[in-house]
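Quick notes on the structure that follows.
The values are calculated or read from the model by the stated rules, or taken from the named source; none is laboratory data. Here the structure is a predicted model, which is why all the values come from computation and not from measurement. Positions of Cβ are backbone-derived with ideal geometry, glycine not excepted, and every protein chain shown enters the neighbour counts.
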Amino acid sequence: MARNVQGLRATGRVAAIDLRWERAPWEPLVDHYAVYAARGRAPETEPAALVGKTVYPHFTHAVLGPAAVTWHYRVVTVLASGARGRPAGVSASTVASYATGQPLVVVGSFDHKGLEFALSPAGNSRYLATFPNGVDYRHGVSRPATDWPYLHPGPADAWAGRRRHLFTLRFALDAAPTGALGLALWLTDTHATIPGKGVLAVNGTEITTIAFEGGATKGSLEGDATRPNNPLKPSFVELPLPAAAFRAGENVLTLEKTEGSWHAYDAIGVFAVTGR
């Protein structure tokens, strides 16, 4: 007799939706849970709608883009015998990224890929020779393909000299902003065990220390998190920024990796935001 999924719930966040349910009893033996997804309507439990299988009572549907979107799910228990339970359904929406706002400055594309950056996808061995003094990037003049590396190393990285690395982003504003601002820092991956910390500053004033999430340690070798069955583990840093820290004329945003190992860029930007 097949077991049905119980207590299914879903929670949206930036570019991802987390599903959880109650673990089924051991008997009869559960082989896995099958997760189906669709936009616009409840999915059919057929191979075209299958987004993943898991042996755990949770699943993250990720790489869903910066916009707020609604997804519908069905989760099915599949027994070792091949018997299948009745589908349990739930719906949830992702949270819109700051990247959907009006851009003040952007480096890269918010597309779950880092292939547009310098040295990508596997050129970290050339980092020190190419960027011996870190990064000094001027918006409108510099280019991601040559002037912003895909990896931002930290003091734990021998290939980058075991030291702090400062990335500087310079950009001009016609007028000082008055409304709400947000930082969107998207990563394709980070080091799994020592992703580290970084200090974010605007015009010489420290804003916050960012503690990065552990990833899969695969982003030093490939940069496309949209590829089927890729091993990357994207993460997102989204936080409000004080408008008073910015000014008319040149502005300077810096991120210094002060602890741990590397993170791999998808994109970084500052946006004017409303309704969040």
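Quick notes on this structure:
- For Gly154, the conditions (1) crowded, with 20+ Cβ neighbours inside 10 Å; (2) assigned to a helix (DSSP H, G or I) are fulfilled apart from (2).
- Qualifying residues in segment 167-221 (those that are polar (S, T, N, Q), surrounded by fewer than 17 Cβ atoms within 10 Å (Cβ to Cβ) and under 18 Å from Val107 (Cβ atoms)) - the one farthest from the chain's Cα centre (by Cα): Asn203
- Candidate set: segment 70-82, residues that are within 30 Å of Thr100 (Cα to Cα) and touching a residue at least 40 places away in the same chain (Cβ under 8 Å); chosen: the one nearest to the chain's Cα centre (by Cα): Trp71
- Look at (1) at pLDDT below 95; (2) surrounded by fewer than 19 Cβ atoms within 10 Å (Cβ to Cβ) and you find that Val252 fails only one, number (1).
- In segment 66-107, of all residues being surrounded by fewer than 19 Cβ atoms within 10 Å (Cβ to Cβ) and charged (D, E, K, R), the one that is farthest from Arg13 (Cα to Cα) corresponds to Arg84.
- Flag for Gly114 being under 19 Å from Ala192 (Cα atoms) and in the same structural domain as Asn251 (by TED's automatic domain parsing): yes
- Some residue of segment 35-48 being surrounded by fewer than 20 Cβ atoms within 10 Å (Cβ to Cβ), among the hydrophobic types (A, V, I, L, M, F, W, C), in contact with a Gly (Cβ under 8 Å, 6 or more places away or on another chain) and within 27 Å of Ala67 (Cβ to Cβ): yes
- Among residues of segment 171-183 that are assigned to a loop (DSSP other than H, G, I, E, B), those with a Cβ under 6 angstrom from a residue that is of a type in the set (D, E, K, R), sequence gap 6+ or separate chain, pair up as Ala176/Arg247.
- Residues located in segment 25-34, provided they are buried (at least 16 other Cβ atoms within 10 Å of the Cβ) and under 16 Å from Arg74 (Cα atoms): Tyr33, Ala34
- Taken together, the residues in segment 213-269 that are assigned to a strand (DSSP E or B), in contact with a His (Cβ under 9 Å, 6 or more places away or on another chain) and under 19 Å from Asp136 (Cα atoms) amount to 7.
- Residues located in segment 108-133, provided they are of a type outside the set (S, T, N, Q) and surrounded by fewer than 18 Cβ atoms within 10 Å (Cβ to Cβ): Leu115, Ala122, Gly123, Arg126, Leu128, Ala129, Pro132
- Whichever residue in segment 6-15 is over 15 Å from Ser91 (Cβ atoms) and hydrophobic (A, V, I, L, M, F, W, C) and, among such residues, is surrounded by the most Cβ atoms within 10 Å (Cβ to Cβ): Ala15
- Single match in Gly65, Gly85, Gly40 (criterion: more than 21 Å from Gln6 (Cβ to Cβ), among the small types (Gly, Ala, Ser) and at pLDDT below 95): Gly40
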